[in-house]
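Asker: What follows is a structure written as structure tokens; I'll ask about it next.
Each value in this text was obtained by applying a stated rule to the coordinates, not by laboratory testing. In this text the structure is predicted, and so the values were computed from the model without any measurement. Cβ: placed from backbone, ideal geometry, glycine included. Neighbour counts: every protein chain shown.
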Amino acid sequence: MTYSIEVNQLKKSFGTLEVLKQVSFNVAPGEVIAVIGPSGSGKSTMLRSLVHLEDITGGTIRIQNQSLVEDGRYTGATEIRKITDRMGMVFQHFNLFPHLTVQANLELAPKTLKKESTKAIRTRSMELLAKVGLSDKADAYPANLSGGQKQRVAIARALMMQPDILLFDEPTSALDPELTGEVLRVIKKLAQENMTMMIVTHEMSFARDVADRVFFMDNGEIAEEGPPEQIFGAPKLARTKTFLQRVDMEE
Ligand SMILES: Nc1ncnc2c1ncn2[C@@H]1O[C@H](COP(=O)(O)OP(=O)(O)O)[C@@H](O)[C@H]1O
Ligand SMILES: [Mg+2]
């Protein structure tokens, strides 16, 4: 079996603070994983570790059978770059370049790489703007977009690099409730196209709807994982139940 993501005994500390303790999991190609859990449980650190935004303290991460880090030892910088170039990440705060139009935001990274013609890049940016429903905003600046539109631009921008794997870190947490739906619909469309994804989210009904498996993180570990029907319908651990009840009350 070739996995898209293989993580074994991943450990991460910040100084003396142990944030991830022996996290292990696999993600199959085309699988959609929802990651849920309380604030501070290590969800962001885990995603950031996968794309080498964090240096892990120990353990193994393989992406599409390529070793990013093996037993705490990282592969070379060129290899790391090759591996992480196949992955896209979308953050809670959209991180768009304010001085560039929407279309220029999409085209910047591919143009910098200079591996494709300007025309090919333009064709793709038009297609992706259409896909996220923003064809009419190509020449707009981020300041003139709603939060939901900005996040859809950020998703289109990540897709410009034609990633094999997409990671989302609370993509709707910064949005007004009435704007989350339009972003979740785009992510759901990607799931239906079999994009391999890990999505950290507080949107439990979305997780239930879109995920093949749900990871419940607590205190630096994946405390419980399983299909959404099980995690939401019949959680095994008391702490999973407690978390879900608390989230339910907030909604
Ligand atoms: N750069 C950092 N330096 C020190 N501590 C950090 C850093 N990043 C995260 N942490 C700590 O690691 C823990 C897990 O954080 P995080 O992965 O952001 O959790 P989550 O995304 O689940 O809320 C928290 O206690 C947080 O304060
Ligand atoms: Mg986080």
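Asker: Given (1) crowded, with 19+ Cβ neighbours inside 10 Å; (2) more than 18 Å from Phe25 (Cβ to Cβ), where does Ile222 come up short, assuming only one miss?
Answerer: It fails just one condition, (2).
Asker: Counting residues that are more than 11 Å from ligand 1 (Cβ to nearest atom) and more than 21 Å from Gln192 (Cα to Cα), which strands (runs of 3 or more DSSP E) fully inside the stretch 1-50 reach at least 2? Lay out the reasoning, then the answer.
Answerer: On the way: elements: 5-14, 17-27, 32-36.
Qualifying strands (runs of 3 or more DSSP E): 5-14, 17-27.
Asker: Here's another thing I want to ask about it. Run Leu53 past the list (1) part of a loop (DSSP other than H, G, I, E, B); (2) farther than 30 Å from Ser135 by Cβ; (3) among the aliphatic types (A, V, I, L, M); (4) more than 16 Å from ligand 2 (Cβ to nearest atom) and report the number of the one that doesn't hold.
Answerer: Failed condition: (4).
Asker: Do the conditions hold for Thr201, that is, is it crowded, with 18+ Cβ neighbours inside 10 Å, touching a residue at least 24 places away in the same chain (Cβ under 8 Å), within 16 Å of ligand 1 (Cβ to nearest atom) and under 21 Å from Val132 (Cβ atoms)?
Answerer: Numbers: crowded, with 18+ Cβ neighbours inside 10 Å: yes; touching a residue at least 24 places away in the same chain (Cβ under 8 Å): yes; within 16 Å of ligand 1 (Cβ to nearest atom): yes; under 21 Å from Val132 (Cβ atoms): yes.
Taking the combined requirement at face value, the residue satisfies it.
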